[in-house]
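Only the coordinates and a few stated rules stand behind these numbers; no lab work does. Keep in mind the model is a prediction, meaning the values are calculated, not measured. Don't worry about glycine lacking a Cβ; one is built from the backbone with ideal geometry, like all the others, and counts go over all protein chains shown.
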DNA sequence: TCTTAAATAATAACTATTATTATATAATTA
DNA sequence: TAATTATATAATAATAGTTATTATTTAAGA
């Protein structure tokens with residue numbers, strides 16, 4: 001994607017970012033599209049995808065993935081994720097203190113670290129006990 | 001997928017697992033397919049996908065994802081990953097000592113943790129210095 | 001207000017993955 | 001060892017998530 005492009009602050013992009021920031025369910029592009037249509041009835045799914053890519057490029061959102069679909073996250077402060085292997089939900093994990101990462105050694109080996117995510121996998125509290 | 005199915009130990013599945021265990025590049029299904037064709041010329045891509053799913057289901061391999069494609073990992077001992085945002089390579093990170101995860105609190109909240117991965121994102125040593 | 005390049009809506013195209021089905025084969029049984 | 005049976009295969013079609021195309025619209029600067 002072009003880096004030094006003069007971006008226009010469009011209504012569509014503002015609505016998409018607002019929708020994403022209003023939820024913690026890490027929605028798919030399609031979910032965001034359905035929500036956006038309630039505000040801009042003739043918005044296009046392509047517009048949703050394009051703007052999600054731009055927002056990610058600008059560091060305003062994160063892209064996760066589910067295995068088969070991309071999911072998006074309006075939170076960009078350091079936090080982690082739990083992926084339920086039963087219902088496929090993704091939860092935010094806020095207990096920063098549970099994880100201690102020291103990556104000086106990696107940097108010495110030449111890795112430039114921009115970010116990191118910890119993704120737990122298992123059964124979520126809702127599914128726990130009533131699995132199919 | 002059926003759980004109590006009587007599995008047959010096919011030549012195709014053995015070859016696929018062998019190929020995956022022989023590399024550390026976390027290949028895509030298509031890469032594995034090309035390699036497998038050198039051993040079984042008329043193997044089908046569908047067979048590769050089906051067996052990768054079975055092997056994952058049996059806990060013999062891991063599935064990572066790259067954003068748009070699945071990547072597979074023949075290593076199942078605890079280790080972490082580094083994803084280069086420049087060349088898209090995924091590297092294994094072995095320094096277990098750099099990461100300390102304590103998830104008792106999560107378990108108390110009802111999360112059943114089966115596994116976790118730490119994914120660093122940034123520029124790899126090879127790309128460091130000669131980015132495009 | 002005029003100009004211009006970026007963004008949009010609509011839609012087509014692409015691609016990774018999964019499903020379908022007739023045939024082949026591993027493994028069990030006789 | 002031969003017959004049986006259900007699983008796996010190869011070939012191919014179908015699906016679905018995402019990206020590309022293009023004529024038109026629009027945000028933002030002059």
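Taking each residue in A:119-125, count the Cβ atoms of any other chain within 10 Å of its Cβ, then average. What number comes out? If you can, show how the numbers build up before the last one.
Details: counts 5, 10, 6, 9, 5, 4, 5.
Going residue by residue through A:119-125 and averaging, the value is 6.
Could you tell me what a quarter of the Cα convex hull surface of the protein assembly as shown works out to, in nm² with one decimal place?
Working: hull surface 69.9 nm².
For the protein assembly as shown, the mean projected area of the Cα convex hull comes to 17.5 nm².
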task: Would you mind telling me the antiparallel percentage of the DSSP bridges in chain A, rounded to 5?
output: 70
- prompt: What ratio of Cα Rg to 2.2 N^0.38 Å holds for segment B:78-129?
  reply: 1.45
- prompt: Based on the Cβ-Cβ distance from residue A:107 to residue A:23, what FRET efficiency comes out when R0 is 30 Å, to the nearest 0.05?
  reply: 0.30
- prompt: Can you give the three extents of the C-alpha atoms in segment B:17-69 along their principal axes, from longest to shortest, in whole Å?
  reply: 27, 22, 21
Label geometry 7 Å along the beta-carbon vector: residue A:30 inter-copy distances in nm: 2.3
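Just subtract the alpha-carbon distance of residue B:89 and residue B:14 from 0.36 nm times their residue separation and send over the number in nm, one decimal.
Details: separation 75, 0.36 × 75 = 27.00 nm, distance 2.58 nm.
Stretched out fully, the residue B:89 to residue B:14 stretch lengthens by 24.4 nm.
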field: Averaged over B:101-107, number of beta-carbon atoms from partner chains that fall within 10 Å
entry: 5
- prompt: Over segment A:49-109, how many percent of alpha carbon pairs lie in each 5 Å bin up to the one with the longest distance?
  reply: 4, 13, 20, 17, 20, 16, 8, 2, 0
query: Which residue, B:56, B:108, B:68, has the most motion in a Gaussian network model of chain B that connects Cα atoms within less than 10 Å?
result: B:108
Cα→Cβ-extended label distance, 7 Å offset, between residue A:128 and residue B:114, nm: 1.6
Calculated FRET efficiency for the pair residue A:49/residue B:40, C-beta based, R₀ 51 Å, to 0.05: 0.85
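Note the direction-averaged projected area, equal to a quarter of the hull surface, for the Cα convex hull of chain A, in nm². Before the final figure, lay out the partial values.
Values: hull surface 43.8 nm².
Convex hull of Cα atoms, orientation-averaged projection: 10.9 nm².
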query: For B:34, B:102, what's the fewest-to-most ordering of other Cβ within 10 Å of each Cβ?
result: B:102, B:34
query: If you rank B:81, B:26, A:11, A:79 by fewest surrounding Cβ atoms within 10 Å, what's the result?
result: A:11, A:79, B:81, B:26
